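Structure provided below as structure tokens; questions to follow.
The values are calculated or read from the model by the stated rules, or taken from the named source; none is laboratory data. What you see is a predicted model, and the numbers here were worked out from it, not measured in a lab. Virtual Cβ from ideal backbone geometry, glycine too; neighbours counted across all protein chains shown. These accessible areas exclude ligands, DNA and RNA; they are computed on the full protein's heavy atoms, side chains included. Shrake-Rupley method; radii C 1.70, N 1.55, O 1.52, S 1.80 Å.
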Amino acid sequence: MTAPSLRATANPLNERTLPLMLLLFIGSGCAALIYEVVWFQLLSLIVGSSAISMGIILGTFMGGMCLGSLYLPRWFSAREHPLRVYAKLELGIGICGLLILFGLPLLGKAYVVISGPGLSGMLLAAVLCAICLLPPTLMMGATLPAIARWVQTTPSGISWLGFFYGGNIAGAVAGSLLAGFYLLRVHDNSYATFAAAALNVVVAAMAFGIASRTSYATDDSGSTSTAKAPLFEMPPGTAPVYLTIALSGMTALGAEVIWTRLLSLTLGATVYTFSLILAAFLSGLGIGSSVGSMIARLTPNARMALGWCQALLVLAIGWAAISLSSWLPWWPIQPTLDYTPGALFQIDFVRCLWVVLPGACLWGASFPLALAAVAPSEKDSSRLVSSVYAANTVGAIVGSLVTALVLITWIGTQNAQRVLAVFAIVSAVVMFAHALRTKNAEAGGRLAAMWGAVLVIAGGGWITWKIERIPDALIGYGRWTAGYGWERGKILFTGEGMNSSMAVSQLSNGVLNYHNAGKIQASSEPKDMRLQRMLGHLTTLIPANPKNVLVIGCGAGVTAGAVSISPLVERETIAEIEPLVPKFVSKYFGEHNYKVVDNPKVHVQIDDARHFLLTTKEKFDGITSDPFDPWVKGAASLYTEEFFQTAKAHLNPGGVMTVFVQLYESGEPAVKSEIATFLKVFPNGIVWGNTSNGQGYDVVMMGRVDDTPIDVDMIQARLDSPKFAEVAQSLREIGFASAIELLSTFAGQGADMGPYLADAQINTDRNLRLQYLAGAGVNAYEQATIYRGILQARQFKPNLFTGGTESLKALWEAVMIRQ
């Protein structure tokens, strides 16, 4: 049964009210995006940052908005002024934001205690996300339908709704940039949450103020609520419109997933890049929504306009595909021409707009056009907005999850874009076919619809077929593709996994490189082999009895391989987030990693390393961590004070933790943050240096549960033992013929580094400061200067090492000679 009509008897909006209404939606959108960034960051620290975990968070967030748009408006009386309802929703969102900030740590602790790997862990992650995200997102989804009660379903009223939607998106653009470039970079999650909550309060106060000065009346027939009406009801003859707007949402979010993956290769996967991509996409949606609103007001046939909008999307998807595969990677842009990030951010934003703006504008225009297409059959403006918004959001959820979790992994980004183009063709044909079946359509309109269908099928099919595969060089060299992507060796393997894209290449001299995040992450170059094996051997040679060892990050497998050959190690666990890495990448490095993945005492755990360590009940004698560069979005979570505390809590007495810290492609503030944060948890930690041509290259941080001196003679006795022959040979291959030579890489101790680290910023779960510091220094090459600063604090104290007098004297001489 159809619900009673509940709508404004007259449209009270006027030219004086419009700017204020737009300000409301701009402020609301800004707060919503700040919350989204903060909540995604906080939840990923608990449930992990794998594609599945992020899919659960995104699905819950968008699902809540979908349900809110359909359900919550039904609980508010239609006689209450829409702006008062809007104000109450904004206040509710602000309260939820504060509750999440203070309550999530407690929920996170409970989750960690009861969670585990596999399906049960994912279900618990979904429950946690639902508890946190559903209350505020239900209210977020209800704001536009609530305010829609203040307008009529006329062309003018629909265009106002489109402008409000565009204003909301404009605020979202501001929120994404404000969060990524200021609130979280300079402050932390708490500050950002308080800022968003303050915006909610200001918006609510403005809404209450406007409501008190404007009139509102309904022509309801005695009912004061639509709570008993069907949750979702399509007016007769509008099913094709709902299908089209759902397909539009699906292609929009699917394309955003793919474009974000490929643009992060082109620009570098920093937190700033993701903020720029999101801002560019939202900018297009806002522009398109405004233009679509004007078209909706002027056009006599919104359904045909919606059809042509979908047809043009095929061109936009093709444009983006060509740009990402054939144009942008070869633009002559040298990242290191300007060490200050400002100029490069400007260029990066232009490149983002170049790719995403055409499609985003068309997706933005689709929403008001869909409203206009349904409006003649739906007189309740609130139900009109909520149903169209819900259909669009359901499509978006399906598009984002299927693309991220299925399409890219199964068929790659090339074919995934083809699939999206096909769905865009289908959505256009659906609308053109609907126009042909319309009884009142004029002959000219039917002819245009027929030719439109023919053109979109023929032309769209050709464009879809011409979408090319992204070049291997882009996967391998990312932002450096134009500089030397053509020249740097032969690509042996490329893979587009669920979480990242990777490659293996071989240079003419036989050196192997493992590429991920658009750069070389590991190689068989002597300096890289030395670092990787130092991580493994220091972790197993210094503890008295390293039976059980955890390796964070498989990569080329060299560190894991160095651990595996220790005769004292009985069990080794490798925590790797991307399944393709141990399955394919490490196999190419079998000669260098002792075929570690096939070793019977090695277990590969596919999981976000942080999530695994939080939820496992195991204790380890050694933990070694070699994650992505800290400027890669998400990697900084493996360098926080809380993560190091978790790792320390999972070490047995006498246990050791080693961590890789790069000095190249990093500024001194980032390096200081990494070292100072580690030393806050391991106060007597040690820094070991890995140099190249006598200059700093990268370092290994080592922390121990106990502070017993390192026994030089004991380590040498192990290396002299026949059981350790393979370990000794491994060390000789990287330039260390004895324990003294290995330990001579000593570069400093925590107790002596206070003055050097006086201005260091501690990286915590609350601020993730490192990803912003590292992202700002990604194009810097200051490793020599940074390493000299570290060495200035070095003191060789007798309580650090133990052994015979001759051994200690030889070690000190070796330290001075090496450094």
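Of all residues being open to solvent by 30 Å² or more (accessible area, probe 1.4 Å) and under 19 Å from the mean Cα position of the chain (by Cα) in the range 111-140, which is nearest to LEU99 (Cα to Cα)? Just the residue, please.
Within the range 111-140, the match that is nearest to LEU99 (Cα to Cα) is ALA126.
Could you grab me the full set of residues in the range 576-595 that are more than 17 Å from ILE520 (Cβ to Cβ), crowded, with 24+ Cβ neighbours inside 10 Å and not β-branched (Val, Ile, Thr)?
Matches in the range 576-595: GLU576 only.
Every residue in the range 315-374 that is surrounded by fewer than 22 Cβ atoms within 10 Å (Cβ to Cβ) and of a type in the set (Asp, Glu), please.
Matches in the range 315-374: ASP338 only.
Got a sec? Which of LYS595, LYS519, LYS527, LYS583 is under 18 Å from GLY735 (Cβ atoms) and charged (D, E, K, R)?
Result of the check over LYS595, LYS519, LYS527, LYS583: LYS527.
Tell me, yes or no, whether the range 676-684 has at least one residue that is of a type in the set (Phe, Trp, Tyr), assigned to a helix (DSSP H, G or I), in contact with a strand residue (DSSP E or B) (Cβ under 8 Å, 6 or more places away or on another chain) and at pLDDT 95 or above. Write out each step before concluding.
Our first condition is that a residue be of a type in the set (Phe, Trp, Tyr); within the range 676-684, this holds for 678, 682.
Subsequent filtering for residues that are assigned to a helix (DSSP H, G or I) retains 678.
Subsequent filtering for residues that are in contact with a strand residue (DSSP E or B) (Cβ under 8 Å, 6 or more places away or on another chain) retains 678.
If we keep only those that are at pLDDT 95 or above too, we end up with 678.
For the range 676-684, residues of a type in the set (Phe, Trp, Tyr), assigned to a helix (DSSP H, G or I), in contact with a strand residue (DSSP E or B) (Cβ under 8 Å, 6 or more places away or on another chain) and at pLDDT 95 or above: present.
Among the residues of the range 409-419, how many are hydrophobic (A, V, I, L, M, F, W, C), surrounded by fewer than 24 Cβ atoms within 10 Å (Cβ to Cβ) and within 15 Å of GLU496 (Cα to Cα)?
So the answer is 2.
Any chance you could count how many residues in the range 420-429 are modelled with pLDDT of 90 or more, crowded, with 20+ Cβ neighbours inside 10 Å and either outside any helix (DSSP H, G or I) or not small (Gly, Ala, Ser) (or both)?
Residues that pass the stated criteria total 3.
Condition first: out of contact with any Gly (no Cβ under 8 Å at 6 or more places or on another chain) and surrounded by fewer than 24 Cβ atoms within 10 Å (Cβ to Cβ). Now tell me which residues in the range 295-304 satisfy that. Show your work before the answer.
So in the range 295-304, the residues out of contact with any Gly (no Cβ under 8 Å at 6 or more places or on another chain) come out as 295, 297-300, 302-303.
Within the range 295-304, ILE295, ARG297, LEU298, THR299, PRO300 qualify.
Quick check on the range 344-353. Is at least one of its residues more than 23 Å from the chain's Cα centre (by Cα) and either farther than 14 Å from LEU247 by Cα or at pLDDT 85 or above (or both)?
Checking the range 344-353: not a single residue is more than 23 Å from the chain's Cα centre (by Cα) and either farther than 14 Å from LEU247 by Cα or at pLDDT 85 or above (or both).
Could you please find all residues in the range 563-591 being closer than 13 Å to VAL727 by Cα and either at pLDDT below 95 or in contact with a strand residue (DSSP E or B) (Cβ under 9 Å, 6 or more places away or on another chain) (or both)?
Those that are closer than 13 Å to VAL727 by Cα and either at pLDDT below 95 or in contact with a strand residue (DSSP E or B) (Cβ under 9 Å, 6 or more places away or on another chain) (or both): VAL563, SER564, SER566, LEU568, VAL569.
Exactly one condition in (1) closer than 28 Å to TYR664 by Cα; (2) at pLDDT below 90 is not met by THR805; state its number.
The one condition THR805 does not meet is (1).
Now a separate question. For ILE397, state whether it is among the β-branched types (Val, Ile, Thr), within 28 Å of SER49 (Cβ to Cβ) and without any contact (Cβ under 8 Å) to a residue 24 or more places away in the chain.
no
Would the range 649-662 turn up any residue that is open to solvent by 10 Å² or more (accessible area, probe 1.4 Å) and without any contact (Cβ under 8 Å) to a residue 24 or more places away in the chain?
The answer is yes, given that some residue of the range 649-662 is open to solvent by 10 Å² or more (accessible area, probe 1.4 Å) and without any contact (Cβ under 8 Å) to a residue 24 or more places away in the chain.
Of the residues GLY103, GLY108, GLY97, which single one is out of contact with any His (no Cβ under 6 Å at 6 or more places or on another chain) and open to solvent by 10 Å² or more (accessible area, probe 1.4 Å)?
GLY103
For the range 692-710, check the following and say yes or no: at least one residue is open to solvent by 10 Å² or more (accessible area, probe 1.4 Å), hydrophobic (A, V, I, L, M, F, W, C) and farther than 14 Å from PHE801 by Cβ.
Within the range 692-710, one or more residues are open to solvent by 10 Å² or more (accessible area, probe 1.4 Å), hydrophobic (A, V, I, L, M, F, W, C) and farther than 14 Å from PHE801 by Cβ.
Are there any strands (runs of 3 or more DSSP E) wholly within the range 472-560 with 2 or more residues that are surrounded by fewer than 24 Cβ atoms within 10 Å (Cβ to Cβ), and if so which?
Once the strands (runs of 3 or more DSSP E) in the range 472-560 are filtered for at least 2 residues that are surrounded by fewer than 24 Cβ atoms within 10 Å (Cβ to Cβ), what remains is 490-496, 501-506, 519-523.
What number of residues within the range 316-351 are in a loop (DSSP other than H, G, I, E, B) and not acidic (Asp, Glu)?
Residues of the range 316-351 in a loop (DSSP other than H, G, I, E, B): 331-334, 338-340.
Next cut, not acidic (Asp, Glu) only: 331-334, 339-340.
Residues flagged as in a loop (DSSP other than H, G, I, E, B) and not acidic (Asp, Glu) within the range 316-351 amount to 6.
Let me ask you something else. Residues being surrounded by fewer than 24 Cβ atoms within 10 Å (Cβ to Cβ) and either within 29 Å of the chain's Cα centre (by Cα) or closer than 19 Å to HIS515 by Cβ (or both): count how many of those fall in the range 561-574.
Counting residues in the range 561-574 that are surrounded by fewer than 24 Cβ atoms within 10 Å (Cβ to Cβ) and either within 29 Å of the chain's Cα centre (by Cα) or closer than 19 Å to HIS515 by Cβ (or both) gives 1.
Inside the range 613-660, can you point out the residues that are modelled with pLDDT of 95 or more, part of a loop (DSSP other than H, G, I, E, B) and under 27 Å from the mean Cα position of the chain (by Cα)?
If the condition is that a residue be modelled with pLDDT of 95 or more, part of a loop (DSSP other than H, G, I, E, B) and under 27 Å from the mean Cα position of the chain (by Cα), then THR640 is the only one that fits.
Continuing with the same structure: Under 6 Å by Cβ, and 6 or more places apart or on different chains, what pairs join a residue from the range 198-225 that is surrounded by fewer than 16 Cβ atoms within 10 Å (Cβ to Cβ) with one that is modelled with pLDDT under 85 and of a type in the set (Ser, Thr, Tyr)?
Here the result reads ALA217/THR9; ASP219/THR9; THR224/SER77, each pair linking the range 198-225 to a residue that is modelled with pLDDT under 85 and of a type in the set (Ser, Thr, Tyr).
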